[in-house]
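Here is the structure we will look at, set down as structure tokens.
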Amino acid sequence: MHPHLNAPTLEELTDFTLKSYVKLLKYLNQIYEIVPFCKLPNKDGPYLILRHDVDVSLPAALRMAQIEKDLNIKSTYFVLFSSRFYNLHIEENMDILRRISKLGHEIGLHYYPAIYRLYNQNPMKTLKVEIQLLEHLLGKKIHSISRHGPWDRDPFSRIKKYINANHPYLKGYLFVHESDRAWTPLQGLINLLNNPPKRSQLLIHPENWQEDKIDRTTLLERHCQDLENKILSLKKRTLEYYKTDPLIVNYDKMIQKYKTGQFQSLKHKLNNEKNSKLRHALDYYGNLSRYYLINTVFGWKANQIKTMIQKMFNKSRLILS
Ligand SMILES: [Zn+2]
């Protein structure tokens, strides 16, 4: 193991540019076999599981997935159904997810125990529902899961059916994560670069890595601006819909007519025709219903009712004709 490429400096590792990410990957790729969770090797390594929890941005995840593909590296992207920043049920997002998958990366489920508790269901059932949904979206089996919110108790920490990124059997691994642009533990990162363990897991949040050097607050502003742009575009589309949807357009026209009194005159006309044939017909229909009721309550004989109805019918026909 004699890496000919230099390790990125701490300065580079903390500027969170994609250029530095490429440098980091190239360096790690010389030392480790880099794998997604679904391809855990049986041998001793050194290997490194590359993990991404997609909390904020699918486009950022796709950008990172493409960079890795160009370096011939495969990793796992865990996606969340309850993100406040993106919705997997939007066509363009499904499309991005499928593209990441097509680049050869593994897609896993990022689950959020705090939300599962709100459902008041067996958390295992909810997990299965989300996994099935994700499998339907991708047309592929899901093998791995990771928990969102490390502050939370993990209901699936000992699950057997799926690979849990936080499973105790991965405890022997050196686990280094970059969350909110903080490397934790920092010493772990230094060891990962200089003193390679046999097994390690590196978690990178794709949205934290940008083309340009910006600070954490500016990055947050950028993510919020993206969200705001999405809301504005939704507003524009909805306004356009109000103007063109026939149901809404016709309804508004009708209401306008009502307000300007065109319907008032129609109502007035109906009220003045109290003796009209229509009115009589309606009254007789009412009588028929009443006699039917009397029959069921007082047990009138069938032929009595029949005669009664026949009389009514003749009378109403007379009036209607
Ligand atoms: Zn997360």
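The values are calculated or read from the model by the stated rules, or taken from the named source; none is laboratory data. All values reported here derive from a predicted model rather than from experimental measurement. Backbone-built Cβ (ideal geometry, glycine too); neighbour counts: all protein chains shown. SASA here: full protein model, heavy atoms, side chains in, ligands and nucleic acids out. Shrake-Rupley method; radii C 1.70, N 1.55, O 1.52, S 1.80 Å.
Were the residues from residue 243 through residue 169 laid out at 0.36 nm apart, the gain over their Cα-Cα distance would be 20.8 nm. Rolling a 1.4 Å probe over the protein heavy atoms leaves residue 35 with an accessible area of roughly 10 Å². Loop-resident trypsin sites (Lys or Arg not before Pro) (DSSP state other than H, G, I, E or B) in segment 1-85 with no more than 10 further Cβ atoms inside 10 Å of their Cβ: 43, 84. Over segment 172-228, the ratio between the Cα radius of gyration and 2.2 N^0.38 Å evaluates to 1.39. Separation of segment 205-245 and segment 91-155, taken as the distance between their Cα centroids, equals 23 angstrom.
Only the Cβ atoms of Lys and Arg (+1) and of Asp and Glu (-1) were treated as charged; on that basis the dipole of segment 187-239 about its Cα centre amounts to roughly 260 debye. Charges were assigned to the Cβ only: +1 to each Lys and Arg, -1 to each Asp and Glu. The resulting dipole of segment 10-213 about its Cα centre is roughly 920 debye.
Can you compute the charge dipole magnitude of segment 7-118 about its Cα centre, using +1 on each Lys and Arg Cβ and -1 on each Asp and Glu Cβ, nothing else charged? Give it in debye, rounded to the nearest 20. Rounded to the nearest 20 debye, it is 220 debye.
Fully extending the segment from residue 95 to residue 42 would add 15.7 nm, taking 0.36 nm per residue of separation and subtracting the current Cα-Cα distance. Loop-located chymotrypsin sites (Phe, Trp or Tyr not before Pro) across segment 126-229 with a Cβ neighbour count of 13 or fewer within 10 Å are 151, with loop assigned by DSSP. Of the listed residues 106, 11, 33, the order by accessible area with a 1.4 Å probe, largest first, is 11, 33, 106.
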